[in-house]
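Shown next, in structure tokens, is the structure this report addresses.
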Amino acid sequence: MTTATIPLDETKLDAFLGRALEDVGGVLTAALVMVGDELGLYKAMADGPVTASELARRTGTRERYIREWLAQQAASSYVTYDPATGAYTLPAEHFVALTDETSPAFVVGGFQGALGAVRSRTKLADAFRSGEGIGWHEHDSQLFEGTCRFFGPAYRNFLVQSWIPACDGLVKRLRQGARVADVGVGLGVSTALMAQAFPGSAVFGFDAHEESIEAARRRAASEGLGNVTFSIASAKEIPGPSYDLIATMDCLHDMGDPVGAARHFRSRITDDGYWLIVEPRAGDNVEENLNPLGRAYYGFSTLVCTPGSLSQEVGLGLGAQAGEARLREVVTQGGFTRFRRVAESPINLVFEARP
């Protein structure tokens, strides 16, 4: 049977083509959002309506490029356009999402990370055929920075303020002085936040990616943090002695052997210690994740998380949408007897595990 002989519902075909064109526009919008971020175009629209010539003057850019960029942003509903004045306006809500890295609504990191991830598309096609993995270190550095900028705002707004306090007695322990292992730290945002909030505690950040650890060290030095130490180590290699708190921030699903990591954590945690687990928000079944957030996370999971896990020992391949039930299995198989959800955010689920 050829496509010429397949009966088609023209309404459904038109609807699908419309959706596909939206996705083509979305890919291009992602690149143009990063142009706006890099050149400060969004920040220069803070004071209300602006014409292309005014925005070009404010940002030291060429008007012809700005005219095209603004028109595309208006077609994408990122800015509004007034044909009577020829001016464009960035709504206040969009301004926050596109410029304020202290806000949990900040989304630019998602675009940056996505553009970094898709640069491995050719490697991914080869991996589909071979079944081999793609290591984190094999990706473009924009993925590392974008991931930090995507998850960082949530950490800054919730980690110390609500996630850690949701674990009974943990704040008191950290204020008194505790040993903390932050595992899979990336560029070290979560590690620095805990070190700043609890200066009496010793905070150790671990990641297997040398480039990220070097960046994390530079961050800690620039912030004058004397109670934090960064080392290159995988989850199953973190050294002793025991820790009062082990934290894994959006990385458990990336591990090749998360059960083995859990067992190692159990051997490295005090008998009354805490394991704080932050993971991408997900339901337990595919149908629960068929939504915009699941669409993004399944995309990152296909491009980055699952290949990353498959590149490591065991290669379990949990994926970024593992869900609470599957995470519970991993944690309890690792020897932890208590597991509960303690908090959540629009993009994360937060769990506490205890020995």
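Just a few scattered comments:
- Cα-based convex hull, the chain, per residue volume (Å³, whole number): 170
- Mean Kyte hydropathy of -0.5 or more with a Cα span along the axis of at least 30 Å, helices from DSSP in the chain: 10-39
- The percentage of C-alpha pairs in region 17-99 whose separation is greater than 17 Å is 43%.
- Likely footprinting exposure, D9, D207, D37, fewest C-beta neighbours within 10 Å first: D9, D37, D207
- F144 sits among other residues whose Cβ lies under 15 Å from its own Cβ, and their net charge, with Lys and Arg +1 and Asp and Glu -1, is -4.
- Overall dimensions of region 20-179 by Cα: Rg and Dmax, Å: 20.1, 63
- Going from the residue with the fewest nearby Cβ atoms within 10 Å to the one with the most, F151, F16 rank F16, F151.
- For region 161-286: Kirkwood Rh in Å [reciprocal of mean 1/r, alpha carbons]: 14.7
- Choice from D14, D284, D257 showing the highest fluctuation, given a GNM over the chain with Cα pairs closer than 10 Å: D14
- When the chain is treated as a Gaussian network with alpha carbon springs shorter than 10 Å, the biggest mean-square fluctuation among V160, V108, V24 belongs to V24.
- Of all DSSP beta bridges in the chain, antiparallel share, percent nearest 5: 45
- Computed over neighbours whose Cβ is under 11 Å from that of G109, the net charge equals -2, Lys and Arg +1, Asp and Glu -1.
Rule-based calculations on the coordinates, nothing more; no lab input. Because the structure is a prediction, the values reported are computed rather than measured. Note: ideal-geometry Cβ built from the backbone for every residue, glycine included; neighbour counts use all protein chains shown.
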